[in-house]
Amino acid sequence: MELQSVRTEPVKDGGERKGKSGTKRQHEDDDETSPSKKQATDHSVKVASHYNSLQEVGLAARSRSRIFFMRNFNNWLKSVLIGEILEQVRGEGPQQVSVLDLGCGKGGDLLKWRRGGINHLVCADIAGVSVEQCQSRYEEMKKKSHVNEKIFNAQFITADCTKEVLSEKLDDPELMFDICSCQFVYHYSFESEQKADMMLRNACERLRPGGFFIGTTPDAFELVKRLEASDSLSFGNEVFKVSFQSKGSYPLFGCQYNFSLEDVVNVPEFLVYFPLFEHMAKQYNMRLVSKHRFSEYFEEKVKKEHHRRLMMKMMALEPFPCEEVGQQTADSQQEYCHAREHCGRAGVKLPVVSTWYLCFRKSPDAENKVFFCM
(Lines give C-alpha, C1' and ligand atoms only; values in the text may rest on other atoms or scores of the structure.)
Protein backbone atom coordinates (compact mmCIF):
# COMPACT_ATOMS: atom_id res chain seq x y z
CA MET A 1 0.00 0.00 0.00
CA GLU A 2 1.37 3.38 -1.00
CA LEU A 3 0.98 6.28 1.44
CA GLN A 4 0.54 9.78 0.07
CA SER A 5 3.02 12.37 1.21
CA VAL A 6 1.67 14.84 3.73
CA ARG A 7 2.84 18.43 4.12
CA THR A 8 2.69 19.52 7.71
CA GLU A 9 3.67 22.39 9.92
CA PRO A 10 5.17 21.78 13.37
CA VAL A 11 2.82 21.81 16.32
CA LYS A 12 3.75 24.84 18.38
CA ASP A 13 1.99 26.12 21.48
CA GLY A 14 -1.03 23.88 20.86
CA GLY A 15 -1.54 25.43 17.40
CA GLU A 16 -3.14 24.00 14.32
CA ARG A 17 -1.57 21.48 11.98
CA LYS A 18 -2.85 20.86 8.49
CA GLY A 19 -2.28 18.23 5.84
CA LYS A 20 -3.95 15.97 3.33
CA SER A 21 -4.58 13.37 6.01
CA GLY A 22 -6.66 15.58 8.28
CA THR A 23 -8.37 18.90 8.92
CA LYS A 24 -7.66 21.57 11.46
CA ARG A 25 -7.19 20.56 15.08
CA GLN A 26 -10.34 22.39 16.13
CA HIS A 27 -12.45 20.42 13.67
CA GLU A 28 -10.91 17.17 14.91
CA ASP A 29 -11.74 18.01 18.49
CA ASP A 30 -15.31 18.91 17.61
CA ASP A 31 -15.71 15.64 15.76
CA GLU A 32 -14.33 13.61 18.63
CA THR A 33 -16.59 15.17 21.23
CA SER A 34 -19.85 15.08 19.30
CA PRO A 35 -22.32 12.79 21.15
CA SER A 36 -23.06 10.52 18.18
CA LYS A 37 -19.37 10.04 17.36
CA LYS A 38 -18.43 9.36 20.97
CA GLN A 39 -21.21 6.85 21.50
CA ALA A 40 -20.50 5.02 18.27
CA THR A 41 -16.72 4.61 18.32
CA ASP A 42 -15.16 5.63 21.65
CA HIS A 43 -13.64 2.60 23.38
CA SER A 44 -11.58 4.64 25.85
CA VAL A 45 -14.22 4.17 28.54
CA LYS A 46 -14.08 0.39 28.09
CA VAL A 47 -10.30 0.39 28.40
CA ALA A 48 -10.32 2.57 31.52
CA SER A 49 -13.13 0.57 33.10
CA HIS A 50 -11.36 -2.73 32.44
CA TYR A 51 -8.05 -1.72 34.00
CA ASN A 52 -9.72 0.11 36.89
CA SER A 53 -11.58 -3.09 37.77
CA LEU A 54 -8.48 -5.31 37.87
CA GLN A 55 -7.64 -6.31 41.42
CA GLU A 56 -4.07 -6.00 42.66
CA VAL A 57 -2.74 -9.46 43.51
CA GLY A 58 0.32 -10.46 45.49
CA LEU A 59 3.55 -12.06 44.32
CA ALA A 60 2.41 -15.53 45.39
CA ALA A 61 -0.72 -15.34 43.24
CA ARG A 62 1.24 -14.03 40.25
CA SER A 63 3.74 -16.88 40.53
CA ARG A 64 0.90 -19.39 40.19
CA SER A 65 -0.46 -17.73 37.05
CA ARG A 66 -0.10 -19.52 33.73
CA ILE A 67 1.32 -16.32 32.22
CA PHE A 68 4.01 -16.05 34.93
CA PHE A 69 6.90 -16.73 32.55
CA MET A 70 5.43 -14.61 29.77
CA ARG A 71 5.14 -11.65 32.13
CA ASN A 72 8.71 -12.17 33.29
CA PHE A 73 9.93 -12.39 29.70
CA ASN A 74 8.19 -9.13 28.81
CA ASN A 75 9.67 -7.48 31.90
CA TRP A 76 13.14 -8.75 31.01
CA LEU A 77 12.80 -7.32 27.51
CA LYS A 78 11.63 -3.95 28.84
CA SER A 79 14.48 -3.93 31.38
CA VAL A 80 17.04 -4.46 28.62
CA LEU A 81 15.39 -1.87 26.37
CA ILE A 82 15.16 0.78 29.10
CA GLY A 83 18.69 0.11 30.31
CA GLU A 84 20.24 0.42 26.86
CA ILE A 85 18.28 3.56 25.99
CA LEU A 86 19.40 5.20 29.24
CA GLU A 87 22.99 4.32 28.34
CA GLN A 88 22.58 6.07 24.97
CA VAL A 89 21.05 9.14 26.59
CA ARG A 90 23.88 9.41 29.12
CA GLY A 91 26.47 8.69 26.47
CA GLU A 92 25.93 12.19 25.16
CA GLY A 93 27.08 13.73 28.43
CA PRO A 94 26.04 14.07 32.11
CA GLN A 95 22.56 15.41 32.49
CA GLN A 96 19.37 15.31 34.49
CA VAL A 97 17.28 12.58 32.85
CA SER A 98 13.52 13.10 32.59
CA VAL A 99 11.10 10.40 31.44
CA LEU A 100 7.46 10.28 30.38
CA ASP A 101 5.78 6.92 31.02
CA LEU A 102 2.82 7.15 28.62
CA GLY A 103 0.26 4.57 29.75
CA CYS A 104 2.01 3.79 33.03
CA GLY A 105 -0.65 1.40 34.34
CA LYS A 106 -0.08 0.37 37.95
CA GLY A 107 3.61 1.31 37.81
CA GLY A 108 5.17 -1.92 36.63
CA ASP A 109 8.24 -0.07 35.33
CA LEU A 110 8.93 2.11 38.38
CA LEU A 111 11.75 -0.15 39.58
CA LYS A 112 13.32 -0.09 36.11
CA TRP A 113 13.46 3.71 36.21
CA ARG A 114 14.81 3.58 39.75
CA ARG A 115 17.62 1.22 38.72
CA GLY A 116 18.30 3.51 35.77
CA GLY A 117 18.94 6.41 38.14
CA ILE A 118 16.68 8.92 36.40
CA ASN A 119 15.89 12.30 37.95
CA HIS A 120 12.27 12.98 37.03
CA LEU A 121 9.33 10.83 35.94
CA VAL A 122 5.86 11.75 34.71
CA CYS A 123 3.37 8.87 34.78
CA ALA A 124 0.15 9.22 32.76
CA ASP A 125 -2.69 6.79 32.21
CA ILE A 126 -6.41 6.81 31.40
CA ALA A 127 -7.30 4.51 34.34
CA GLY A 128 -7.54 6.58 37.51
CA VAL A 129 -7.38 3.59 39.86
CA SER A 130 -4.21 2.39 38.15
CA VAL A 131 -2.61 5.82 38.49
CA GLU A 132 -3.48 5.86 42.20
CA GLN A 133 -1.87 2.44 42.64
CA CYS A 134 1.16 3.60 40.66
CA GLN A 135 1.54 6.59 42.95
CA SER A 136 1.15 4.37 46.04
CA ARG A 137 3.90 2.08 44.74
CA TYR A 138 6.13 5.09 44.22
CA GLU A 139 5.51 6.42 47.75
CA GLU A 140 6.18 2.96 49.21
CA MET A 141 9.37 2.72 47.15
CA LYS A 142 10.56 6.07 48.50
CA LYS A 143 9.72 5.03 52.05
CA LYS A 144 11.75 1.80 51.79
CA SER A 145 14.72 3.35 49.97
CA HIS A 146 18.15 3.60 51.56
CA VAL A 147 19.02 6.72 53.51
CA ASN A 148 21.60 7.93 50.99
CA GLU A 149 19.63 6.88 47.91
CA LYS A 150 18.08 9.68 45.90
CA ILE A 151 14.78 8.60 44.32
CA PHE A 152 13.54 10.46 41.26
CA ASN A 153 10.81 13.08 41.59
CA ALA A 154 7.49 12.11 40.04
CA GLN A 155 4.18 13.52 38.84
CA PHE A 156 1.08 11.38 38.28
CA ILE A 157 -1.57 12.33 35.75
CA THR A 158 -4.94 10.70 35.05
CA ALA A 159 -5.80 11.60 31.47
CA ASP A 160 -7.01 10.14 28.19
CA CYS A 161 -3.79 10.60 26.25
CA THR A 162 -5.65 10.06 22.96
CA LYS A 163 -7.74 13.20 23.58
CA GLU A 164 -6.00 15.47 26.08
CA VAL A 165 -2.78 17.46 25.69
CA LEU A 166 -0.42 16.30 28.43
CA SER A 167 1.88 19.32 28.20
CA GLU A 168 -0.97 21.44 29.59
CA LYS A 169 -1.09 19.26 32.72
CA LEU A 170 2.60 19.27 33.64
CA ASP A 171 3.59 20.83 36.96
CA ASP A 172 6.56 22.34 35.14
CA PRO A 173 5.30 23.85 31.86
CA GLU A 174 8.90 24.05 30.58
CA LEU A 175 9.72 20.39 31.24
CA MET A 176 11.33 18.47 28.38
CA PHE A 177 11.81 14.70 28.29
CA ASP A 178 14.80 12.61 27.27
CA ILE A 179 12.69 9.46 26.90
CA CYS A 180 9.03 8.67 26.32
CA SER A 181 8.15 5.04 27.03
CA CYS A 182 4.85 3.60 25.78
CA GLN A 183 4.64 -0.10 26.67
CA PHE A 184 1.74 -2.26 25.38
CA VAL A 185 -0.48 0.82 25.09
CA TYR A 186 -0.24 2.56 21.73
CA HIS A 187 -2.59 0.14 19.92
CA TYR A 188 -5.55 1.46 21.90
CA SER A 189 -5.14 4.82 20.16
CA PHE A 190 -5.56 3.48 16.62
CA GLU A 191 -9.33 3.65 17.00
CA SER A 192 -9.20 6.79 14.85
CA GLU A 193 -6.65 9.00 13.12
CA GLN A 194 -7.36 11.83 15.56
CA LYS A 195 -6.65 9.66 18.60
CA ALA A 196 -3.53 8.08 17.12
CA ASP A 197 -2.22 11.53 16.23
CA MET A 198 -2.91 12.96 19.70
CA MET A 199 -1.10 10.00 21.28
CA LEU A 200 1.90 10.69 19.06
CA ARG A 201 1.76 14.38 19.87
CA ASN A 202 1.85 13.62 23.59
CA ALA A 203 4.72 11.18 23.08
CA CYS A 204 6.88 13.40 20.91
CA GLU A 205 6.24 17.12 21.24
CA ARG A 206 7.98 17.47 24.62
CA LEU A 207 11.03 15.36 23.71
CA ARG A 208 14.38 17.08 23.66
CA PRO A 209 16.24 17.05 20.32
CA GLY A 210 17.94 13.64 20.29
CA GLY A 211 15.40 12.19 22.75
CA PHE A 212 13.89 8.72 22.33
CA PHE A 213 10.36 7.38 21.95
CA ILE A 214 10.39 3.66 22.81
CA GLY A 215 7.58 1.17 23.10
CA THR A 216 5.92 -2.12 22.29
CA THR A 217 2.77 -2.82 20.31
CA PRO A 218 1.19 -5.94 18.75
CA ASP A 219 2.33 -6.93 15.27
CA ALA A 220 -0.64 -6.25 12.96
CA PHE A 221 0.83 -8.33 10.13
CA GLU A 222 1.14 -11.39 12.35
CA LEU A 223 -2.39 -10.98 13.72
CA VAL A 224 -3.88 -10.73 10.23
CA LYS A 225 -1.83 -13.70 9.00
CA ARG A 226 -3.11 -15.88 11.84
CA LEU A 227 -6.67 -14.72 11.31
CA GLU A 228 -6.57 -15.51 7.59
CA ALA A 229 -5.17 -18.97 8.36
CA SER A 230 -7.97 -19.66 10.86
CA ASP A 231 -11.21 -21.44 9.94
CA SER A 232 -13.13 -18.96 12.10
CA LEU A 233 -12.90 -15.32 13.16
CA SER A 234 -10.61 -16.09 16.08
CA PHE A 235 -7.42 -17.90 17.03
CA GLY A 236 -5.50 -18.62 20.21
CA ASN A 237 -5.02 -21.35 22.78
CA GLU A 238 -5.99 -22.07 26.38
CA VAL A 239 -4.15 -18.95 27.62
CA PHE A 240 -5.04 -16.27 25.06
CA LYS A 241 -7.62 -15.58 22.36
CA VAL A 242 -7.86 -13.00 19.58
CA SER A 243 -11.26 -12.42 17.97
CA PHE A 244 -12.10 -10.27 14.94
CA GLN A 245 -15.50 -9.18 13.65
CA SER A 246 -14.74 -10.00 10.01
CA LYS A 247 -12.02 -11.05 7.56
CA GLY A 248 -10.64 -9.63 4.35
CA SER A 249 -10.94 -5.90 5.03
CA TYR A 250 -8.55 -4.16 7.40
CA PRO A 251 -8.98 -0.36 7.56
CA LEU A 252 -5.97 1.75 8.54
CA PHE A 253 -7.78 3.07 11.61
CA GLY A 254 -10.53 1.49 13.69
CA CYS A 255 -9.70 -2.11 12.76
CA GLN A 256 -10.92 -3.61 16.01
CA TYR A 257 -10.23 -7.00 17.53
CA ASN A 258 -10.75 -8.33 21.03
CA PHE A 259 -7.82 -9.69 22.97
CA SER A 260 -8.21 -11.82 26.08
CA LEU A 261 -5.36 -13.16 28.21
CA GLU A 262 -5.76 -15.45 31.21
CA ASP A 263 -8.10 -13.37 33.40
CA VAL A 264 -5.82 -10.31 33.06
CA VAL A 265 -6.79 -8.67 29.77
CA ASN A 266 -10.16 -8.72 28.01
CA VAL A 267 -10.56 -5.49 26.09
CA PRO A 268 -10.91 -4.15 22.52
CA GLU A 269 -7.70 -3.26 20.71
CA PHE A 270 -6.91 -1.92 17.23
CA LEU A 271 -4.44 -2.97 14.56
CA VAL A 272 -1.47 -0.63 14.16
CA TYR A 273 -0.37 -0.58 10.52
CA PHE A 274 3.32 0.06 11.10
CA PRO A 275 4.22 1.85 7.83
CA LEU A 276 1.43 4.33 8.58
CA PHE A 277 2.62 4.72 12.18
CA GLU A 278 6.14 5.43 10.92
CA HIS A 279 4.75 7.93 8.42
CA MET A 280 2.78 9.76 11.12
CA ALA A 281 5.85 9.94 13.39
CA LYS A 282 7.77 11.80 10.69
CA GLN A 283 5.33 14.67 11.14
CA TYR A 284 6.75 15.15 14.65
CA ASN A 285 10.32 15.21 13.35
CA MET A 286 10.98 11.63 14.45
CA ARG A 287 13.15 9.15 12.59
CA LEU A 288 12.91 5.41 13.09
CA VAL A 289 16.07 4.03 14.69
CA SER A 290 15.16 0.34 14.93
CA LYS A 291 12.26 -2.06 14.98
CA HIS A 292 12.32 -5.72 16.03
CA ARG A 293 9.93 -8.51 16.85
CA PHE A 294 10.36 -9.88 20.35
CA SER A 295 11.99 -13.06 19.02
CA GLU A 296 14.53 -11.02 17.04
CA TYR A 297 15.27 -8.75 19.97
CA PHE A 298 15.73 -11.75 22.26
CA GLU A 299 18.13 -13.47 19.87
CA GLU A 300 20.23 -10.31 19.61
CA LYS A 301 20.36 -9.38 23.29
CA VAL A 302 20.73 -12.84 24.81
CA LYS A 303 24.20 -13.05 23.26
CA LYS A 304 25.46 -10.75 26.03
CA GLU A 305 26.35 -12.44 29.28
CA HIS A 306 24.85 -9.78 31.59
CA HIS A 307 21.53 -10.00 29.73
CA ARG A 308 21.53 -13.79 30.15
CA ARG A 309 22.21 -13.46 33.87
CA LEU A 310 19.34 -11.00 34.22
CA MET A 311 17.05 -13.35 32.31
CA MET A 312 17.80 -16.21 34.68
CA LYS A 313 17.41 -13.95 37.72
CA MET A 314 14.01 -12.76 36.48
CA MET A 315 12.89 -16.33 35.63
CA ALA A 316 11.98 -15.18 32.14
CA LEU A 317 12.01 -18.64 30.52
CA GLU A 318 9.85 -21.63 31.30
CA PRO A 319 11.89 -24.77 31.98
CA PHE A 320 11.14 -27.81 29.83
CA PRO A 321 10.55 -30.48 30.84
CA CYS A 322 8.97 -29.07 33.96
CA GLU A 323 10.49 -30.20 37.25
CA GLU A 324 7.11 -30.42 38.96
CA VAL A 325 4.25 -32.45 37.48
CA GLY A 326 1.23 -30.34 36.60
CA GLN A 327 3.13 -27.06 36.72
CA GLN A 328 3.45 -26.44 32.98
CA THR A 329 1.89 -23.30 31.55
CA ALA A 330 -0.31 -25.16 29.07
CA ASP A 331 -2.19 -28.42 29.53
CA SER A 332 -1.97 -29.33 25.86
CA GLN A 333 1.21 -31.23 25.03
CA GLN A 334 1.00 -29.91 21.48
CA GLU A 335 2.06 -26.49 22.80
CA TYR A 336 5.43 -28.03 23.72
CA CYS A 337 6.18 -29.90 20.49
CA HIS A 338 8.92 -27.47 19.47
CA ALA A 339 10.46 -27.60 22.93
CA ARG A 340 10.51 -31.39 22.78
CA GLU A 341 12.17 -31.31 19.35
CA HIS A 342 14.91 -28.95 20.54
CA CYS A 343 15.19 -29.71 24.27
CA GLY A 344 18.41 -31.59 23.68
CA ARG A 345 19.98 -28.34 22.46
CA ALA A 346 18.15 -25.59 24.26
CA GLY A 347 16.20 -27.16 27.10
CA VAL A 348 13.66 -24.36 27.23
CA LYS A 349 10.48 -23.18 25.57
CA LEU A 350 10.33 -19.53 24.69
CA PRO A 351 7.03 -17.75 25.37
CA VAL A 352 5.18 -17.22 22.11
CA VAL A 353 4.72 -13.51 21.46
CA SER A 354 3.75 -11.49 18.41
CA THR A 355 4.94 -8.02 19.30
CA TRP A 356 7.18 -5.30 17.86
CA TYR A 357 9.98 -3.60 19.70
CA LEU A 358 10.17 -0.09 18.37
CA CYS A 359 12.36 2.90 18.97
CA PHE A 360 12.07 6.38 17.51
CA ARG A 361 14.53 9.19 18.03
CA LYS A 362 13.89 12.91 17.96
CA SER A 363 15.83 14.39 15.07
CA PRO A 364 18.21 17.13 16.31
CA ASP A 365 17.94 18.96 12.99
CA ALA A 366 14.92 20.28 11.13
CA GLU A 367 14.74 17.47 8.59
CA ASN A 368 12.28 14.58 8.73
CA LYS A 369 14.49 11.51 8.46
CA VAL A 370 13.40 7.88 8.70
CA PHE A 371 15.86 5.07 9.19
CA PHE A 372 14.33 1.62 8.95
CA CYS A 373 16.53 -1.06 10.49
CA MET A 374 15.57 -4.72 10.71
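The values are calculated or read from the model by the stated rules, or taken from the named source; none is laboratory data. Here the structure is a predicted model, which means the values were calculated and not measured. Cβ sites come from the backbone with ideal geometry, for glycine too, and all protein chains shown count toward neighbours.
A few remarks follow.
- Hey, Y257 over 27 Å from R66 (Cα atoms) and in contact (Cβ under 8 Å) with a residue 24 or more places away in the chain or not: no
- For Q194, the stated conditions do not hold, so it cannot be described as polar (S, T, N, Q) and either on the phi > 0 side of the Ramachandran plot or part of a strand (DSSP E or B) (or both).
- Flag if A196 is under 18 Å from K78 (Cβ atoms), touching a residue at least 12 places away in the same chain (Cβ under 8 Å), of a type in the set (G, A, S) and touching a helix residue (DSSP H, G or I) at 6+ places or on another chain (Cβ under 9 Å): no
- Candidates P251, P218, filtered to the one that is at negative phi and surrounded by 20 or more Cβ atoms within 10 Å (Cβ to Cβ): P218
- The range 85-115, residues that are within 16 Å of G215 (Cβ to Cβ) and in contact with a helix residue (DSSP H, G or I) (Cβ under 8 Å, 6 or more places away or on another chain): V99, L100, D101, L102, G103, C104, G105, G108, D109, K112, W113
- Residue ID - surrounded by the most Cβ atoms within 10 Å (Cβ to Cβ), chosen from residues in the range 171-191 that are in a loop (DSSP other than H, G, I, E, B) and aliphatic (A, V, I, L, M): V185
- Evaluating C104 against the criteria (1) modelled with pLDDT under 95; (2) surrounded by 15 or more Cβ atoms within 10 Å (Cβ to Cβ); (3) not in a helix (DSSP H, G or I) leaves one unmet condition, (1).
- Single unsatisfied condition, V242 versus (1) within 17 Å of A196 (Cβ to Cβ); (2) part of a strand (DSSP E or B): (1)
- Any hit, the range 165-186, residues being among the acidic types (D, E), in contact with a strand residue (DSSP E or B) (Cβ under 8 Å, 6 or more places away or on another chain) and within 30 Å of N258 (Cβ to Cβ): no
- The set of residues in the range 126-179 being among the hydrophobic types (A, V, I, L, M, F, W, C) and under 15 Å from D109 (Cα atoms) consists of V131, C134, M141, I151, F152, A154, F156, I179.
- With respect to (1) in contact with a Leu (Cβ under 9 Å, 6 or more places away or on another chain); (2) assigned to a loop (DSSP other than H, G, I, E, B); (3) under 30 Å from D197 (Cβ atoms); (4) not hydrophobic (A, V, I, L, M, F, W, C), the lone exception for S130 is condition (2).
- Verdict on A159 being at pLDDT 95 or above and more than 17 Å from the chain's Cα centre (by Cα): no
- Sole residue being without any contact (Cβ under 8 Å) to a residue 24 or more places away in the chain and either within 13 Å of the chain's Cα centre (by Cα) or surrounded by fewer than 20 Cβ atoms within 10 Å (Cβ to Cβ) (or both), chosen from E92, E87: E87
- Filtered residue count, the range 63-89, keeping only those that are among the charged types (D, E, K, R), in a helix (DSSP H, G or I) and more than 24 Å from A124 (Cβ to Cβ): 1
- Failed condition for A196, given (1) touching a strand residue (DSSP E or B) at 6+ places or on another chain (Cβ under 9 Å); (2) surrounded by fewer than 21 Cβ atoms within 10 Å (Cβ to Cβ): (2)
- Flag for G210 being more than 21 Å from C180 (Cβ to Cβ), of a type outside the set (D, E, K, R) and modelled with pLDDT under 95: no
- Residue that is of a type in the set (D, E, K, R), assigned to a helix (DSSP H, G or I) and over 30 Å from Y284 (Cα atoms), where the choices are E140, E168, E149: E140
- Tally, over the range 226-239, of residues that are assigned to a loop (DSSP other than H, G, I, E, B) and either without any contact (Cβ under 8 Å) to a residue 40 or more places away in the chain or under 21 Å from the mean Cα position of the chain (by Cα) (or both): 5
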